[in-house]
Structure formats: C-alpha cells, structure tokens
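Computed from the coordinates by the stated procedures, all read-outs in this text should not be read as laboratory data. Not measured: the values here are computed from a predicted model.
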Amino acid sequence: MMLKIVPLLIIGVGALKAFVEASSGHSGYGSSYHECCKYEDPTGCDCRIYCVFCAQNSSYRPYYGVARGVCLLHYHGLARIESQGQHDDIIHFIKERNLNSESCIEHHGFWIGLDDQAVEGHFVWQSETVKDGYCYGTDGADYDCWANGEPNDNDKENADGQDCGQLWFRRGGKCDDEYCDFRPKGAICEYRVPHCDFDAYEFPYVLGLDTLPYCGSV
C-alpha cells in the first residue's frame, strides 16, 4: 500500500502548488516580493499606482509576455513612464528600497510597457490601458529615457534582436531594449485612479490608497 500512496502524495503536492500559483492570479510572480507607490500627475488629472515586482519565476515563459499578462490582469498594464518626472520618481522609489539589488533582480532589470514588436525600431508605450478621463503623454519615449547607445537591437543571443523594454539598473535605471524571452526580470505594473487623495478607493491588494507612499521624495 505504501508504494502506491507515496507517488500519489507527490503528485498531489505538485498539483496543489501549481493550483495555488495559478489561482493567485500572479502566475510567474506569485512569490515575488513587491512594493507599491503613487505618482500624481502635475496637471492633477490622474494618479498612477506603480507596483514594482522582484524577478519572475524562470519557469513561466515567455518572460515579457507573462509580465504583461499579469499586469493586465490585476492592474492596467505594464508601466507607461511618459515623463522625466515620472521616471525620476520611480527610480527614487526603487533605489530607496534597494529593489535594484541582485537579491530582487538578479538580471538587473524591470519590464516596462515599452516595445517595438509592432514596428521594428519604433518603440512605443503599450496603449491597452484605460484612457478615458485619464492623462496620457507621448506615445514614445521622447524624454531622456534611453541609456547611452540604446536601443541597439543586439542580436547576439537571438536573431530577432531585442524588442522589449526594461529599466536597466546596470545603467542607473535608464531604458534599454532587451530580449523578450531570454532572462527573467522584475516588472513594474501601473494602475490609474482619479486622484491620489481618493481614500475610499479600494485598490487591489492595498486597502486604503492614503497609506501608499509617493514614489518620489514628496
């Protein structure tokens, strides 16, 4: 009897683990440490919640696609960082909490909603997030987003080149093009709400918007 029961238990534990991971809705980031902050648009027309996730589970692929799916399922998508002010505040938040360390992101980067998968060489912010009544800046990274020499579409590891955007902390958190499915990365998801003092708003996984810190030094 024991010979029959043991393998059944092993299968059961594996299936339970897979179910817990999938049911969390964060497949690929289910056990990843994450912290959130809020950024208020200077014009006051909306507030963005940014949630920064440490590196994803390497068994969930394609890496960029998984990150995008998780951010769409629970938030409004991967982060659109449309101004230097937003960029600086997010970098400040990440560095202040040491989320740029190798213990959080072994491969030095966080996926963001910037890619050139539609038109090669034309990097644009993903436009699948809610737009009505919220601020939206430029479609592309027109401010000083890119690290020096980037994007370079390096094809050393993949003949298709690098089509997916990351904040790259080997270059201080500047934008960089990366292979979409070569190395697991952290991710930055965004969620938009009417304004940052909308205390009654029940943000997923964070009860009480007023308890969230601002991303920058406000």
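Please list the non-local residues whose amide H lies under 5 Å from the amide H of R192, H modeled 1.01 Å from N, same-chain partners needing a gap of 5 or more.
Amide H neighbours of R192, under 5 Å, 5+ apart: I49, H76.
Karplus couplings for the stretch 49-65 from phi (6.51 cos²θ - 1.76 cosθ + 1.60, θ = phi - 60°), rounded to Hz, Gly and Pro as x?
Karplus-based 3J(HN,Hα) across the stretch 49-65 equals 9, 10, 10, 9, 9, 5, 3, 6, 5, 5, 7, 9, 9, x, 4, 5, x Hz.
Amide H neighbours of W146 under 5 Å, counting only residues 5+ apart in sequence or on other chains, H built in-plane at 1.01 Å?
Residues meeting the criterion, in which the H sits 1.01 Å from N, are C175.
Please label the shape of the stretch 52-126 as rounded, prolate or oblate, based on the square roots a ≥ b ≥ c of the eigenvalues of the alpha-carbon gyration tensor (a/c under 1.5 means rounded; beyond that, a/b larger than b/c means prolate, else oblate). Please list the in-between numbers first.
Working: a/c = 1.70, a/b = 1.13, b/c = 1.51.
Oblate, since a/c reaches 1.5 and b/c is not below a/b.
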